[in-house]
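See structure below.
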Amino acid sequence: MRRNPGIRKRIFAWVIIFAVLLCGQVCRQPEGIRVKASATQEASLDLYATSAVLMDGTSGRILYNKDGDSPLPMASTTKIMTCILALESMTEDTEIVCTVSGTASAQPEVKLGMIKGDSFYLSDLLYSLMLESHNDTAVCIAETVGGSVENFAAMMNAKAAEIGCTQTYYITPNGLDAEDENGEHHTTAHDLALVMRYCLTQSPKSEEFLAVTQTASYTFSNISGTRTYSCTNHNAFLNLMEGALSGKTGFTGKAGYCYVGALSRDGKLLIVALLACGWPNNKGYKWVDTKKLMNYGLTEFEARDITVAEIPTKTLTVTNGQQESVSTILEEPSPTEVLMRSGDQVEVRVEMLQTIEAPVAEGTQVGLVHYLVDGEEYAVTSILTESGVEKRTYRYCLRELVREFLLWPA
């Protein structure tokens, strides 16, 4: 028996309709506009540090990584988080008074030599914290700002998570080796660089942070005026390289020598974080590694705007609309500069709807353009409809039918 070809066509049509309904009207189709080259192999810089990263402070891109995601104790580099939280708790018109507790005064060296019951202004103690790295000062600040060391540690951990740190756990405000039921006091070189980047570029108190950490020396008294204290900045990096911006040293027997520092030169903001960079008598290793990484960043990388690639616009199909398609435009992306080597390339991924249902407003977002380097996204911009499309109504269809029948002009 011969099959009816008309029936076969109808069955095929119904299969197609069912498949369309099953998949839905809206599909997303990522498109690689430009293929990314494989990441340039990192140079071997023969560093002393067990863990180290070099970060582009502007974009957050990691330019060099030596076991930068390995959790390790970080000693007094912890105090940059203590400092920024203290600064963010301060207001311009009110001085915060810190009263010394027995816990604070009992902290081990290095210490200011606080006496229980004495009082200081928080703004003065920040110089003791960052220039001399005094452990009693850190605890006094934590108890004042957080109510207790435990509450302040919770604030530190919350801020770390907000910044994007994924392998950091604070127990103490001064960085002394500590352990509790949740683990050891630790961070990673990557996370430590993220904290420094936040302090320099993202915190509302970035300028104040720089002012404290760049001060060469500072003298202050307790509130009663009975004792005077002098502090000298021990961040030797400030005098080692042109453009040295900020930093914090650290040492414990478990952590070894640690350092996080920043440099601004030739339009580049570079951040170096080092963990376990030698033990006595190798105190100078951290300066050797820091200079080596900073020079690597200065010589091997240049800033490039990754949003300059031309993205072709497309026409989007409109269902149930008074017109069958609508043109799209690319929202003007904000310039985004990333430090890149000569062999690095930008990968651009377009993610856009294939169809949209009317009504459609002018400027409706119908897609995104992602800009990536080494698989990491550093910028994103929207694809928008260039005009609006009204919904196809019964009145519209009737009017179009009459127009076609009477051959009226459109």
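The values are calculated or read from the model by the stated rules, or taken from the named source; none is laboratory data. Only a predicted model underlies this, so the values are computations on that prediction, with no experimental measurement involved. Virtual Cβ from ideal backbone geometry, glycine too; neighbours counted across all protein chains shown. Ligands, DNA and RNA are excluded from the accessible area calculation, which covers all protein heavy atoms including side chains. Shrake-Rupley method; radii C 1.70, N 1.55, O 1.52, S 1.80 Å.
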| query | Can you name the number of the only condition in (1) assigned to a loop (DSSP other than H, G, I, E, B); (2) at pLDDT 90 or above; (3) open to solvent by less than 80 Å² (accessible area, probe 1.4 Å); (4) not acidic (D, E) that P333 fails? | reply | (2)
| query | Out of the range 102-129, which residues are open to solvent by less than 20 Å² (accessible area, probe 1.4 Å), part of a helix (DSSP H, G or I) and of a type in the set (F, W, Y)? | reply | none
| query | Is it the case that the range 299-322 has a residue that's open to solvent by less than 40 Å² (accessible area, probe 1.4 Å), free of Cβ contacts under 8 Å to residues at least 40 places away in the same chain, closer than 18 Å to R341 by Cβ and assigned to a helix (DSSP H, G or I)? | reply | no
| query | What are the residues in the range 109-156 that are under 23 Å from S230 (Cα atoms) and polar (S, T, N, Q), if any? | reply | S119, S123, S128, S133, N135, T137, T144
| said: Criterion first (outside any strand (DSSP E or B), touching an Asp or Glu at 6+ places or on another chain (Cβ under 9 Å) and under 23 Å from V373 (Cβ atoms)) does G343 satisfy it? | reply: no
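Yes or no, residue by residue, for (1) touching a Cys at 6+ places or on another chain (Cβ under 8 Å); (2) free of Cβ contacts under 8 Å to residues at least 60 places away in the same chain; (3) closer than 29 Å to P73 by Cβ:
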| position | (1), (2), (3) |
| --- | --- |
| T219 | yes, yes, no |
| S224 | no, no, no |
| A255 | no, no, yes |
| T290 | no, yes, yes |
| Within the range 51-101, strands (runs of 3 or more DSSP E) holding 2 or more residues that are touching a residue at least 60 places away in the same chain (Cβ under 8 Å), more than 27 Å from S224 (Cβ to Cβ) and open to solvent by 30 Å² or more (accessible area, probe 1.4 Å) | 62-66
| Candidate set from the range 207-243 (those that are among the polar types (S, T, N, Q) and within 23 Å of V195 (Cα to Cα)); member that is most open to solvent (accessible area, probe 1.4 Å) | N239
| task | Just one of (1) assigned to a helix (DSSP H, G or I); (2) open to solvent by less than 50 Å² (accessible area, probe 1.4 Å) trips up V288, so point out which. | result | (2)
| task | Return a yes/no flag: does the range 275-288 have any residue that is within 26 Å of the chain's Cα centre (by Cα) and either among the aliphatic types (A, V, I, L, M) or under 30 Å from M352 (Cα atoms) (or both). | result | yes
| note | Checked pairs for the range 119-138, first closer than 20 Å to F251 by Cα and among the β-branched types (V, I, T), second open to solvent by less than 10 Å² (accessible area, probe 1.4 Å) and at pLDDT 95 or above, C-beta under 6 Å and 6 or more apart or across chains, list as T137/L125; T137/S128; T137/L129
